[in-house]
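Enquirer: This structure is in structure tokens; I'll ask about it shortly.
Bear in mind that the values in this text are calculations on the coordinates, not laboratory data. Only a predicted model underlies this, so the values are computations on that prediction, with no experimental measurement involved. Counting neighbours? That spans all protein chains shown, and the Cβs are built from the backbone with ideal geometry, glycine included.
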Amino acid sequence: MHLARVLALAGLLGLFALILIWNAWLAPPQVVPRALVLILLLTPLLLPLRGMMAGRPYTHAWATYLAMPYFVLGVFHAAGTGPERGYGWLMVCLSIAWLAGAAVYPRLARRQFGHS
């Protein structure tokens, strides 16, 4: 397994776990229902999961577009105060890991399988 694929999966699964733990237990939202926040933030992460777990280069390639909004959300939270700041920085790091791994993996897989 390529290091890029491991990085992409670690970023994706790490984001899923971070968002679930933060919004369900550590700092549940006060204004909107907790379930709504979890559905809105976690459902997009499930879309590429099957293809990425199977190692499909095409899924990795289009999943890079899904990583970008999580980066922006992480920057938004990182600009906040208190514990929300740490949550934001973790989200930024995990989304960058996902983005970088998912962007590099299709190129490496193409070379391995002999495609030009």
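Table: residues versus (1) surrounded by fewer than 20 Cβ atoms within 10 Å (Cβ to Cβ); (2) basic (Lys, Arg).
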position: LEU47; (1), (2): yes, no
position: ARG50; (1), (2): yes, yes
position: MET53; (1), (2): yes, no
position: THR59; (1), (2): no, no
position: ALA63; (1), (2): no, no
position: LEU66; (1), (2): yes, no
position: HIS77; (1), (2): yes, no
position: GLU84; (1), (2): yes, no
position: LEU90; (1), (2): yes, no
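Enquirer: Enumerate the pairs (first residue in segment 29-45 and without any contact (Cβ under 8 Å) to a residue 40 or more places away in the chain; second residue anywhere and in a loop (DSSP other than H, G, I, E, B) and not aromatic (Phe, Trp, Tyr)) with beta-carbon separation below 7 Å, excluding pairs fewer than 6 apart on the same chain, so at least 6 apart or on different chains.
Expert: Qualifying pairs under 7 Å: ARG34/PRO28; VAL37/PRO29.
Enquirer: When segment 63-88 is examined, which residues are found to be in a helix (DSSP H, G or I) and over 13 Å from the mean Cα position of the chain (by Cα)?
Expert: Selection gives VAL75, PHE76, HIS77, ALA78, PRO83, GLU84, ARG85, GLY86, TYR87.
Enquirer: Looking only at segment 18-28, which residues are touching a helix residue (DSSP H, G or I) at 6+ places or on another chain (Cβ under 9 Å) and without any contact (Cβ under 8 Å) to a residue 40 or more places away in the chain?
Expert: Of everything in segment 18-28, those that are touching a helix residue (DSSP H, G or I) at 6+ places or on another chain (Cβ under 9 Å) and without any contact (Cβ under 8 Å) to a residue 40 or more places away in the chain turn out to be LEU20, ASN23, ALA24, PRO28.
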